[in-house]
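Below: one structure, written as structure tokens.
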Amino acid sequence: MTPRDTAPLMALNDIVKRFDHAPDLAQRALRLFGAPAPKAAPPALAGVSLDIAAGETLGLVGESGSGKSTLARIAAGLLPPSSGTRLWQGQDTATMDAAERRRLRLAVQMVFQNPYASLNPRMRVIDIIGEAPVAHGVIARARQRDAVAGLMRQVGLDPALMSRFPHQFSGGQRARIGIARALAVRPELLILDEAVAALDVSIQAQVLNLFMALRAELSLTCLFVSHDLSVVRHVADRVAVIHLGRLVEVGPADAVFSTPAHDYTRALLAAAPKMEARGLTYVPNVAASRREDGDAALVEIGPGHYAAR
């Protein structure tokens, strides 16, 4: 997608994802009486190509239902694409052997959207964070407690709390546990899917500051998925805008936010909340500004800045 001096850490090429459902009993009965087959649903992703360079934070933005989380889960290997290729350091992940796939599962980790639902309520924090690195041989079992204590300190939690269960923590603390769990296996790529969306604004700021500190300390490569443009503007080096399963704009964060080239990007920016003299004002929902772009190719309009025409 973007010219690079070196191969990207991960590249997604022409990714298509369809969620086809088998007809239920009533639909099958109607078909027997000559009813036409229902129209196929449009794909959740329609030929998305995107790369992530080592050391960068790529922000993926779009409204609900645009395909952000689907693309993130395909990048994480949690969801297979209907077609297209996923490359890791230039190698097609579909051709990897079992040992290579195991290494890849450790190298790519995900922080999920809901800190209340993504932690096993029956596990103590020491096991939530420490189980995977022990199981995969990243650390010895004898070092589990010390390793978990170090990770908890790293994300701003008191290690004395490691024997507690998730319900004994606040939402912000659970978000920190989710980040610690992802970091426990020393990933090369961290994918954050709306990782702060469920938190209060003040807690969001704390978690975002933590994320930025960890990114600098650990030289993390990140895919940061969010519908909140103000958050993405704060953390991302590059931004990709997705609409109805297609990328409509990709470029350096400063360029995308200061000189948006696509109508949809401009609509998203216009719909962001703005502080005015009388308080907070919202522009009407950007759904009214949607347009169909078909399979329009992205055209370079500036250094590393691409937009659909």
>> If I go through the stretch 173-208 residue by residue, how many of them are part of a helix (DSSP H, G or I) and either charged (D, E, K, R) or under 22 Å from Q144 (Cα atoms) (or both)?
In response: 11
> Taking interchain pairs and intrachain pairs at least six residues apart, which have beta carbon atoms under 7 angstrom, with the first residue in the stretch 1-14 and closer than 22 Å to R246 by Cα and the second modelled with pLDDT of 50 or more and among the acidic types (D, E)?
Replying inline: M1/D51; T2/D51; P8/D51; L9/E188; M10/D51; A11/D51
> Among the residues of the stretch 66-100 satisfying the criterion of being over 20 Å from the mean Cα position of the chain (by Cα) and assigned to a helix (DSSP H, G or I), which is surrounded by the most Cβ atoms within 10 Å (Cβ to Cβ)?
Replying inline: E100
> Can you spot a residue in the stretch 232-241 that is in contact (Cβ under 8 Å) with a residue 24 or more places away in the chain, over 18 Å from L12 (Cα atoms), out of contact with any helix residue (DSSP H, G or I) (no Cβ under 7 Å at 6 or more places or on another chain) and surrounded by fewer than 19 Cβ atoms within 10 Å (Cβ to Cβ)?
Replying inline: no
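Which of the following residues is closer than 25 Å to E63 by Cβ, under 15 Å from the mean Cα position of the chain (by Cα) and in a strand (DSSP E or B): F224, F211?
Sole residue among the options that is closer than 25 Å to E63 by Cβ, under 15 Å from the mean Cα position of the chain (by Cα) and in a strand (DSSP E or B): F224.
Without any contact (Cβ under 8 Å) to a residue 60 or more places away in the chain, not in a loop (DSSP other than H, G, I, E, B) and not hydroxyl-bearing (S, T, Y): is that true of R164 in this structure? Steps first, answer last, please.
Working: without any contact (Cβ under 8 Å) to a residue 60 or more places away in the chain: yes; not in a loop (DSSP other than H, G, I, E, B): no; not hydroxyl-bearing (S, T, Y): yes.
Criteria not met by R164.
If you go through the stretch 200-231, how many residues are among the basic types (K, R) and under 22 Å from D14 (Cβ atoms)?
Kept after step one, since they are among the basic types (K, R), are these residues of the stretch 200-231: 215.
From what is left, the residues that are under 22 Å from D14 (Cβ atoms) are none.
Number satisfying all stated conditions: 0.
Among the residues of the stretch 101-126 satisfying the criterion of being in a helix (DSSP H, G or I) and more than 21 Å from A198 (Cβ to Cβ), which is farthest from the chain's Cα centre (by Cα)?
Ranking the candidates gives I126 first.
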> Identify, please: which residue in the stretch 260-309 is in contact with a helix residue (DSSP H, G or I) (Cβ under 8 Å, 6 or more places away or on another chain) and among the polar types (S, T, N, Q) and is, among those, modelled with the highest pLDDT?
Replying inline: T265
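The values are calculated or read from the model by the stated rules, or taken from the named source; none is laboratory data. What you see is a predicted model; the values in this text were computed from it and never measured. A quick note on method: Cβ atoms are made from the backbone with ideal geometry, for glycine too, and the neighbour counts reach across all protein chains shown.
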